[in-house]
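The values are calculated or read from the model by the stated rules, or taken from the named source; none is laboratory data. Just so it is clear, the model here is predicted, and its values are computed rather than measured. We place every Cβ from the backbone using ideal geometry, glycine too, and count neighbours over all the protein chains shown.
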Amino acid sequence: MEEFDAVVIGAGNGGLIAALRLAKANKKVLLVERHILPGGFATSFIRGRFEFEASLHELCDFGHEDVRGNLYTLFKELDVLNKIQFVDVPEAFRVISLSTGETYSMPFGIENFVKKMEEYVPGSSKSVRIFFDLGREIQMAMAYLNESKGHPDSKVLMDKYPNFMRVAAYPVDKVLDAIKMPKKAQEILDTYWTYLGTSTDRLGFIHYCIMVYLYITNKAQIPLKRSHEISTVLETEIRNNGGTIYYGEEVKEIKVTNNHVSGVILSSGKEIKTNYVISNASPHSVFGKMIEKKDIPEKALKLANAREISGRGFSMFLGLNKTKEELGLSDYSYFIYETLNSKKQFESMKTLDNFSQVTVCLNNAIPDASPKGTTILYFTSLYFSDCFSKALTKENYFDLKDRLAEGFIDAFEKATKIKIKPYIEEIEVGTPLTYAHYTDSVDGSIYGYLTADLDNMMPRLMRMYDENYLPGLKFCGGHAMRSSGYNSSYLSGDLAAKFTLMDMKEGK
């Protein structure tokens, strides 16, 4: 029987960071990944002469040497920053309404953003400035909460960050109404809601505000060689720091002795002795497949069952045999919605008849991302119900994919007035079934649990010290306390590793 200080389940973003942080602390760590490559969603694949980015649109909390984001600081601490080449995304976003045809393009930089919003919505500048002022205060308050390690002084919060306390319990819409932001400005500002997967009437203001604030102030970056570049660098560093990685292996069982993790059993039958497990797999997978029912804490099971599953993923990848200039693709990211009202849009995305999407032209950030004379486009959409599986039969899977692919292409052409269908050289489609198979995510959800109401990011962060229901077990990744997304997954992996190191030190 082998023995490790800790076992990390899954080499997704959170698992890779967790394993590296433990290895950097001179712990004997084992990372177990059921596939043959690291990264999970953070990977790329090749079709014909095109290499497609599987999922990353941009990193919004990275920044630069002069304006460092949390991810920049984390990568520098772990000594991987200079091993990855990053490039800037050229503009913030362009949003288009299919129902009205209205379109808005927004730049980076607070002053630029405020000025452009005022052009679109006269009289909006005061409220938009208030929004970014709140973002700055929230950033400072969150930094203080991190420094306090779960034991903040309420007097400090009230004295130094009073507005943080005022808005902490409210959703986005309530706060934007309170600061008297015009409705049209709210709709434009709310464009990014799909990246958190919750409509703004239920999404916590702090979560959304800090994301938009960091995105507009720090700009956004992507790795030059796709997200797989990050994954392979992290994997190499884990090995260089003494970590062990098993590919093509799966944790079939987490052993529990006297209400504490005591080991894992792998699909090969190999038994590993350890007192600490960090899971990048979801609580649904862990409690549903890996732990005997008698050993699952009742509170942990109730919490997992009470949570809503967030957006199920649909993706499409196109290799076009024309340049972006020939096609007229001048923007990096296109947010195409049926309506700019996030609540109505959220409801409409519970059906297969909705073709709203976030579509990226990678060549507008990396000109040579595809062979000379070609362009890469990739589409992402979400279903906020299991409508795909309800419509699916063994016989109609490929026909259903074809119908949906054509619908998304038609919607893009209608919104942008750009013809792309005649120039498709390669096409690949990923459905919720694809994601469920590849990542073992529940129903093909790419966003983990819905961050809404009492399960928003702030309540999760406030509870994270009290959710240690099974000693020795921690979660990271999209289903963990920081919710989904690249930044959140990386940071949650680091947090889970630090908590585990604290437990090791204290003998918990």
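For the range 418-439, what are the residues that are outside any helix (DSSP H, G or I) and either hydrophobic (A, V, I, L, M, F, W, C) or outside the structural domain of Cys387 (by TED's automatic domain parsing) (or both)? Result: Ile418, Ile420, Ile424, Ile427, Val429. For Phe205, the conditions (1) farther than 30 Å from Lys293 by Cα; (2) out of contact with any Phe, Trp or Tyr (no Cβ under 7 Å at 6 or more places or on another chain) are fulfilled apart from (2).
Checking Phe314, Phe287 one by one, the residue that is closer than 23 Å to Val358 by Cβ and either touching a residue at least 40 places away in the same chain (Cβ under 8 Å) or not assigned by TED's automatic domain parsing to the domain that holds Asp386 (or both) is Phe314 and no other. When you look at Ile210, is it part of a helix (DSSP H, G or I), closer than 30 Å to Asn468 by Cβ and assigned by TED's automatic domain parsing to the domain that holds Lys126, yes or no? Against the criterion (part of a helix (DSSP H, G or I), closer than 30 Å to Asn468 by Cβ and assigned by TED's automatic domain parsing to the domain that holds Lys126), Ile210 qualifies. Looking at the range 275-322, which of its residues are farther than 30 Å from Phe45 by Cα, assigned to a helix (DSSP H, G or I) and within 18 Å of the chain's Cα centre (by Cα)? Answer for the range 275-322, where residues must be farther than 30 Å from Phe45 by Cα, assigned to a helix (DSSP H, G or I) and within 18 Å of the chain's Cα centre (by Cα): there is none.
When the residues of the range 38-71 are narrowed to those that are among the charged types (D, E, K, R) and over 17 Å from Ile84 (Cβ atoms), which ends up farthest from the chain's Cα centre (by Cα)?
Taking the range 38-71 as the starting set, the residues that turn out to be among the charged types (D, E, K, R) are 47, 49, 51, 53, 58, 61, 65-66, 68.
From the residues that got through so far, the ones that are over 17 Å from Ile84 (Cβ atoms) too are 47, 49, 66.
Numbers: Arg47: 25, Arg49: 28, Asp66: 25 Å.
The qualifying residue farthest from the chain's Cα centre (by Cα) is Arg49.
Only residues that are surrounded by fewer than 17 Cβ atoms within 10 Å (Cβ to Cβ) and out of contact with any strand residue (DSSP E or B) (no Cβ under 9 Å at 6 or more places or on another chain) were counted across the range 449-468, and they come to 5. Scanning the range 290-319 for residues that are acidic (Asp, Glu) and under 24 Å from Val256 (Cα atoms), we see that the one that is surrounded by the most Cβ atoms within 10 Å (Cβ to Cβ) is Asp295.
Inspection of the range 436-448 identifies no residue that is over 18 Å from the mean Cα position of the chain (by Cα) and buried (at least 17 other Cβ atoms within 10 Å of the Cβ).
Given the residues Ile254, Ile272, which is the only one that is part of a strand (DSSP E or B), in contact with a helix residue (DSSP H, G or I) (Cβ under 6 Å, 6 or more places away or on another chain) and either surrounded by fewer than 21 Cβ atoms within 10 Å (Cβ to Cβ) or in the same structural domain as Met464 (by TED's automatic domain parsing) (or both)?
Working: Ile272 fails: in contact with a helix residue (DSSP H, G or I) (Cβ under 6 Å, 6 or more places away or on another chain).
None of the others qualify; the one that does is Ile254.
I'd like the full set of residues that are in contact with a Gly (Cβ under 9 Å, 6 or more places away or on another chain) and either outside any loop (DSSP other than H, G, I, E, B) or free of Cβ contacts under 8 Å to residues at least 40 places away in the same chain (or both), limited to the range 463-480.
Phe475
Could you go through the range 237-250 and let me know if any residue there is in contact (Cβ under 8 Å) with a residue 24 or more places away in the chain, in a helix (DSSP H, G or I) and in the same structural domain as Ala23 (by TED's automatic domain parsing). Checking the range 237-250: at least one residue is in contact (Cβ under 8 Å) with a residue 24 or more places away in the chain, in a helix (DSSP H, G or I) and in the same structural domain as Ala23 (by TED's automatic domain parsing).
Of everything in the range 170-198, what is loosely packed, with under 15 Cβ neighbours inside 10 Å and either in a loop (DSSP other than H, G, I, E, B) or among the charged types (D, E, K, R) (or both)? Give them in sequence order. Walk me through it before giving the result.
So the first thing to find is which residues in the range 170-198 are loosely packed, with under 15 Cβ neighbours inside 10 Å, and the list is 174, 177-178, 180, 183.
Selection gives Lys174, Asp177, Lys180, Lys183.
The residue of the range 113-154 that is nearest to Thr217 (Cα to Cα), among those that are part of a helix (DSSP H, G or I) and of a type in the set (Val, Ile, Thr), is Val114. Within the range 134-173, if we keep just the residues that are out of contact with any Ser or Thr (no Cβ under 6 Å at 6 or more places or on another chain) and acidic (Asp, Glu), the residue that is modelled with the lowest pLDDT turns out to be Glu147.
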